[in-house]
Amino acid sequence: CGQLVLNVKAGTGKLESPKGDLVLLPLSPQVPFSHKAIISTEILPSPEAPGPSTSSASKHHRAHRSGGARDDRYRSDIHTEAVQAALAKHKEEKMALPMPTKRRSAFVQSPIDTCTPPDTSSASEDEGSLRRKAALSAVLAQNLQSPDYWINRSVQSSSTSSSASSTLSHGEPKTQPQPQLQPAASVLADVLAHTRIENSVPPDVTSSTPQERGSRVDLPPAVRGMSRGQSRSSMLDTADGVPVNSRVSTKIQQLLNTLKRPKRPPLSEFFLDDSEEIVEVPQPDPNTPKPEGRQIIPVKGEPLGVVSNWPPALQAALARWGATQAKSPALTALDITGKPLYTLTYGKLWSRSLKLAYTLLNKLGTKTDPVLQPGDRVALVYPNSDPGMFWVAFYGCLLAEVIPVPIEVPLSRQDAGSQQLGFLLGSCGVSLALTSEVCLKGLPKTPNGEIIQFKGWPRMRWVVTDTKYLTKPSKDWQPHIPTANTDTAYIEYKASKEGTVMGVAVSKISMLTHCQALTQACNYCEGETLVNVLDCKKDMGLWHGVLTSVMNRIHTITVPYAVMKACPMSWVQRVHIHKARVALVKCRDLHWAMMAHKDQKDTNLSSIRMLIVADGANPWSVSSCDAFLNVFQSHGLKPEVICPCATSPEALTVAIRRPGARGAPLPARAILSMGGLSHGVIRVNTEDKNSALTVQDVGHIMPGALMCIVKPDGPPQLCKTDEIGEIVINSRAGGTMYYGLPGVTKNTFEVIPVNQAGAPIGEIPFSRTGLLGFVGPGSLVFVVGKIEGLLMVSSRRHNADDLVATALAVEPVKTVYRGRIAVFSVTVFYDERIVIVAEQRPDASEEDSFQWMSRVLQAIDSIHQVGLYCLALVPANTLPKTPLGGIHICETKQNFLEGNLHPCNILMCPHTCVTNMPKPRQKQPVDVGPASMLVGNLVAGKRIAQATGRELGVVEDQDLIRKHQFLSEALQFRAQTDPDHVLYVLLNAKGVAVCTATCAQLHKRAEKITATLMERGGLNTGDNVVLLYPPGIDLIAAFYGCLYAGVIPVTVRPPHPQNLAATLPTVRMIIDVSKAACILTTQPLMRILRSREAAASVNVKTWPTIIDTDDLPRKRPPHIYKPPTAEMLAYLDFSVSTTGMLTGVKMSHAAVSTLCRSIKLQCELYSSRQIAICLDPYCGLGFVLWCLSSVYSGHQSILIPPLELESSLALWLSTLSQYKIRDTFCSYSVMELCTKGLGTQTEMLKARGLNLSCVRSCVVIAEERPRLSLTQSFSKLFKDLGLSSRAVSTAFGSRVNLAICLQGTAGPDPSTVYVDMKSLRHDRVRLVERGAPQSLPLMESGTILPGVRVIIVNPETRGPLGDSHLGEIWVNSPHSASGYYTIYGEESLQADHFNTRLSFGEPHTLWARTGYLGFIKRTELLDASGDRHDALFVVGSLDETLELRGLRYHPIDIETSVSRAHRSIAESAVFTWTNLLVVVAELSGSEQEALDLVPLVTNVVLEEHHLIVGVVVIVDPGVIPINSRGEKQRMHLRDSFLADQLDPIYVAYNM
């Protein structure tokens, strides 16, 4: 600055350069400021020569008449240009972004009568807005066109080119054929082109590796390197290999293209296996700007002048004017049209206040027992439209020496704001409320006419203060007016960021001093006129418009909010008519006046000497002030009268700009870099004008005050001169405490700043103001935001108001209401995440909204360099309001987190903004060899994880062994020796035995079937025969009939007559795969197989021979077949696994009899016992118990078909009670039906005499991890009916071995352990205490059956593992299946699963691989033989696990979290597709809750599993397919999703 010719203007400390631009330099020693941050200044062009910016601005505003409520509070043309520039930058690299899919019915917007009309004035903030039924219904009709029709069309046009459908994006026409997008799509395609997705090692999209902000990777428009993966990505293979080309897959492909894949980071950075540290801590960027100035020196305000006739208390001033100037007007109130309604003179104000004071003290109770004592707190409940009543009440309280607590009028019992007011009234001990008659009539009442008890409020007594109810004081009564002291004068309410409402107590001396300081700063004179548009209950409206005005005998004209809404020009007209000297407004009022000023030609504002802008501290007020001046300068408004000020509830007025001298240069503006601000430092913005914030000063600090800037968090350390901090004030004119809350008071009102070394700088306490700012040249105060609007995202600060401004600058705002945007942050996964919620206009189309949302994302990303976590649009008028019509932010946040927001559009971007994910794990390469194995798993001295059931033992009776080598012989033997013993009883829904079978009857029925098969079937020995029967005794007879005939039975679940399309193809598949020569079935099923409905889904002409076994002739077969060896096949067991694989396993006669013998020993079954079975009898252990076990052991089985439970829930439990059953077997679905359906009816069942104390063991038959929560709730629920807590247990079987564990009669109770989920993902088991964070309870799967050996093996290396290590469960047992039954006989697969050897340790034993992960833990309990018991814990199926980010996840764990996320999630299922995690949730609530689930599901999975959900699909209840065992068929679901067959309510693609 040496080249400038500088001439110092006298006394200002400012310099002028010859050009007239102001250069601000730190000249005088008391101006603390750093050399780094010289603030550039903008001078508004003078009215004579409007520069380009002003003319364009005024055009802009005229064009936007309907712009809306807080338009110009947030409107800055500079900013709008910046946003347009940022968006234009994105236009270059267009990328398609998948638009959410929405079911048509989910389109219906908010209820018709709550819709808001277009913002002419501020209808958006209007409660009782017009009802636009016709318009809305038209909108709805036109909205019913599906939002994704364009995406469909673009896909169809390109389905021939797989590459095109997989990369729906623009660019590079040479390399790939590109689809011609519809215009809508091409607009939509202009989206998130360079979202910084700090992400991922190639195969995995969801992980993240830190990447410097500077070096953004920009994807080429079409993702390259697609040649190999192309066919895979767009042609999905469903289970049966049919290629699917669907809209969903295209969208997911777009999503994948949007999520970029940076280069692979070096290995050293990977997640270390041992570290328990979850979060990736971002390394500090060396280029982060740091403050460099010196430590700030406290700034002193001018001294408070001494005035001789200053009254000793505020009431004294009122008394004085009431006596000497009784005719002088004090207050004029307006009616709704803006015309004066009444004028209150100082005489009237004095006399009425006096009457009220007298009434309060003397007339409410009795002389001996008055209701009010001096010092009691009293609530003042008056609407803004009645300021006169409020003034009288306020001064009446002051005169009676009770403490007024002005609050808003409660609207309803549940009103968000009024609940919080209850906390305030409680903490202040308020029990009496003053109100007007009109207001009282409007309050909600109970049916008998009393005022309702508002939620959270203490009991209130209501007192009406209309003049006619007041008593004239007696002649001898005089109010007591003491000199102002430190007692509390009044309490002003303040809502904190968390939503609690606290009361700031202002003492009598503070109130007086504050009035004095304001009088001095604003230079108030006696008898002036002031127009007040603010709320007179609190803040500036109260301080200037009620207190200081009375002190100076000013005439106040109040313009309530309701009048402003009806007539936005009213305040300007009042200034003009009354030649007012001072006007008290907010930016909103400036903006509204500008919008409406066309109609007013002759307004004159030259009388104004001070236009006080109450929210001038909001950075976005600059543009409102400028624009207002632009329009009204021609109406006599002088530029120097605009006076922004900064206030806070705690410190009252902090700073106010004094009116400038005529012609003096206007004060400086600071143009700051947003990047600097986010790191808390002041840097003049030079490089990128797009991310600049222009701030105006709020003048100098108040007279008699002292100010410092301290760090906003941590100890109150003084900031450096170029650092942003919280403004703290020491002044006699501030609040004294939060009433009734001493703890919070200390941290706010008694702060002693410390220096760099941490030593206090003095004795005097300061108050925190909650304002963030800095001191500029000439000790001018600049405010850049509020603490409560501060969002701290990965240690950078962002301001909620700034984000709102950026969102609103994304033009055109056809989509949302300007004044109705909420910005807040939620903590998810160890960091704050930014959420924006806006109200959508009823006429905005789906595409418009989506486009607006995606552009807001880009704009905020470019300008603030921060990713949004969630952007939600809600129907008009549905966000919770504050009493004055603004948005209740904390209530909105609460609704968001509880899932009560009900958005109509939502966009989540977790991939972009979650940058602190742990690094993905690299799996170590596996080299098989004893050494490496031992190092990994068997630490010296650790026992190998294996467990054995008891010995099968030798059978005592040689005769029995011969008989029972084959089940067919066992049945013949029983039919001869004990023909009338009942083996089976079948019950119907009423609990009646509809069918029984004795040994002889069963034998005879089997013979009839054998004879028919031999005659009609034309079968050879060893042919497969399908048995298609409902659960019952026919099935059992047919099974033994097949054994007698020497053919191989295959039991198949019959198709569901109401759902043939879904169930018949499976039947057909098993028939085809098993090459069945013949089908045995019943007549009704035979008719179904040949029906026309069946023909729609399968080819009915090619069924094998169908024989119905209902009415067979009595014939005996010529002979009964006896297999030559026990290794011959007995039957085939077909089952569809949860992964959608159909597998049949071969069971030999030897395996069948050892399995039955093993169960007999474990459960102590013999012919005098009864068991009850409520299971599906088609495969696995269910089939064995239903068909085989009774014939082998001779016990009686009571059969309950699970389907019967649907019509009679209590059937199974009442059977147990009626027959006094000791052992029962059921499935999870049965247990769930009982738990959900009978949970509330236990009392009734007890009354009916249901008693379950007889049940000794209730075993759930399953092939999965035990569902602990279900078995526990079942036990708890039915404990009242006598069910023992030890009765319920589970069994475990798999395809290779149908029964591995079964909790029998002997052996200890199943134990439960808690394992750490983080370790589990790394394939390690770490046992933790119950209740530890991230712990998962696992229950033992039952005692291992006799003759079974189990060992835990590393599935990769095939070496045995140590105790409590996670590995695959391998089993060795004489009853393992002998192999898969496959058409092509894949021997390698078979050998691998059924006859495998360990890689070391015990190389000769043959093992079968179950495909399940689990671990064995030696417990302290003793088993039957007295050894310590080894418990087997099943964790989950290997096929089901999801490999994400190098870790192994079990779907059930993620689903458990998801189901807990919201009350309306009935069931959920997860699967992956191209490394994206897809969550499908069934919605049990109303459809408007569908979109509430999206953020909650994303949050919970991120928090608990450290995974980012890629797609959230919301579907109707019952969509997730479940098999007979109650297991979710996730692969079927995945296929249906990708084939677009789910009819989802909503599909959200997370960016």
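The values are calculated or read from the model by the stated rules, or taken from the named source; none is laboratory data. This one's a predicted model, so the numbers in the text were calculated from it and none came from an experiment. Every residue, glycine among them, receives a Cβ derived from its backbone with ideal geometry; neighbour counts consider all protein chains shown. In case anyone asks, the SASA skips ligands and DNA or RNA and just uses the protein heavy atoms, side chains included. Shrake-Rupley method; radii C 1.70, N 1.55, O 1.52, S 1.80 Å.
A few comments on the model shown:
- Restricted to helices (runs of 4 or more DSSP H) entirely inside region 1141-1248, those with at least 3 residues that are within 46 Å of the chain's Cα centre (by Cα) and farther than 21 Å from Ala1038 by Cα are 1204-1207, 1211-1218, 1228-1238, 1242-1247.
- The helices (runs of 4 or more DSSP H) found entirely in region 545-661 that carry 1 or more residues being of a type in the set (Lys, Arg) are 561-566, 570-578, 587-596.
- Residue satisfying condition, being farther than 22 Å from Tyr1029 by Cα, in contact with a strand residue (DSSP E or B) (Cβ under 8 Å, 6 or more places away or on another chain) and open to solvent by less than 10 Å² (accessible area, probe 1.4 Å), within set Leu1211, Leu1199, Leu1205, Leu1216: Leu1216
- For region 1312-1336, the tally of residues that are of a type outside the set (Val, Ile, Thr) and either in a loop (DSSP other than H, G, I, E, B) or at positive phi (or both) stands at 10.
- Scanning region 1502-1510 for any residue that is under 30 Å from Val1067 (Cα atoms) and surrounded by 22 or more Cβ atoms within 10 Å (Cβ to Cβ) turns up nothing.
- Residue check for Leu1496: of a type outside the set (Gly, Ala, Ser), touching a helix residue (DSSP H, G or I) at 6+ places or on another chain (Cβ under 8 Å) and part of a loop (DSSP other than H, G, I, E, B): no
- Counting the residues of region 718-766 that are more than 24 Å from Glu492 (Cβ to Cβ) and surrounded by fewer than 19 Cβ atoms within 10 Å (Cβ to Cβ) gives 11.
- Any hit, region 627-649, residues being free of Cβ contacts under 8 Å to residues at least 24 places away in the same chain and either over 26 Å from Thr513 (Cβ atoms) or of a type in the set (Phe, Trp, Tyr) (or both): no
- Filter result for the condition that a residue is assigned to a helix (DSSP H, G or I) and either surrounded by fewer than 21 Cβ atoms within 10 Å (Cβ to Cβ) or touching a Phe, Trp or Tyr at 6+ places or on another chain (Cβ under 8 Å) (or both), over Asp843, Asp861, Asp848: Asp848
- Filtered residues of region 1527-1551 (kept if touching a helix residue (DSSP H, G or I) at 6+ places or on another chain (Cβ under 9 Å), open to solvent by 10 Å² or more (accessible area, probe 1.4 Å) and not charged (D, E, K, R)): Ala1539, Gln1541, Leu1542, Pro1544
- Scanning region 381-400 for any residue that is open to solvent by 30 Å² or more (accessible area, probe 1.4 Å) and within 20 Å of Tyr739 (Cβ to Cβ) turns up nothing.
- Looking across region 1472-1491, the residues that are at pLDDT below 95 and not aliphatic (A, V, I, L, M) come down to Thr1472, Trp1473, Thr1474, Asn1475, Ser1484, Gly1485, Ser1486, Glu1487, Gln1488, Glu1489.
- Residue within region 1107-1120 that is touching a strand residue (DSSP E or B) at 6+ places or on another chain (Cβ under 9 Å) and in a strand (DSSP E or B) present: yes
- Count of region 1032-1067 residues which are buried (at least 20 other Cβ atoms within 10 Å of the Cβ) and of a type outside the set (Val, Ile, Thr): 18
- Checked against (1) open to solvent by less than 30 Å² (accessible area, probe 1.4 Å); (2) assigned to a loop (DSSP other than H, G, I, E, B), Ile1351 meets all criteria but (2).
- Thr529 being in contact (Cβ under 8 Å) with a residue 40 or more places away in the chain and surrounded by fewer than 23 Cβ atoms within 10 Å (Cβ to Cβ): yes
- With respect to the conditions (1) more than 18 Å from Asn532 (Cβ to Cβ); (2) out of contact with any helix residue (DSSP H, G or I) (no Cβ under 6 Å at 6 or more places or on another chain); (3) surrounded by 22 or more Cβ atoms within 10 Å (Cβ to Cβ), Cys643 falls short on a single one, namely (1).
- Unmet criterion (only one of (1) surrounded by 22 or more Cβ atoms within 10 Å (Cβ to Cβ); (2) assigned to a strand (DSSP E or B)) for Leu344: (1)
- Of all residues in region 1511-1526, those satisfying the criterion of being without any contact (Cβ under 8 Å) to a residue 60 or more places away in the chain, buried (at least 20 other Cβ atoms within 10 Å of the Cβ) and outside any strand (DSSP E or B) are Val1519, Ile1520.
- Within region 435-473, restricting attention to residues that are among the hydroxyl-bearing types (Ser, Thr, Tyr) and touching a residue at least 12 places away in the same chain (Cβ under 8 Å), the residue that is nearest to Pro406 (Cα to Cα) is Thr435.
- Filter pass, Thr1456 being modelled with pLDDT of 95 or more, outside any strand (DSSP E or B) and in contact with a strand residue (DSSP E or B) (Cβ under 9 Å, 6 or more places away or on another chain): no
- Selection from region 1097-1106 of residues that are part of a loop (DSSP other than H, G, I, E, B) and surrounded by 15 or more Cβ atoms within 10 Å (Cβ to Cβ): Val1098, Trp1103, Pro1104
- Looking at region 402-490, the strands (runs of 3 or more DSSP E) lying wholly inside it that each contain 3 or more residues that are over 41 Å from the mean Cα position of the chain (by Cα) sit at 461-464.
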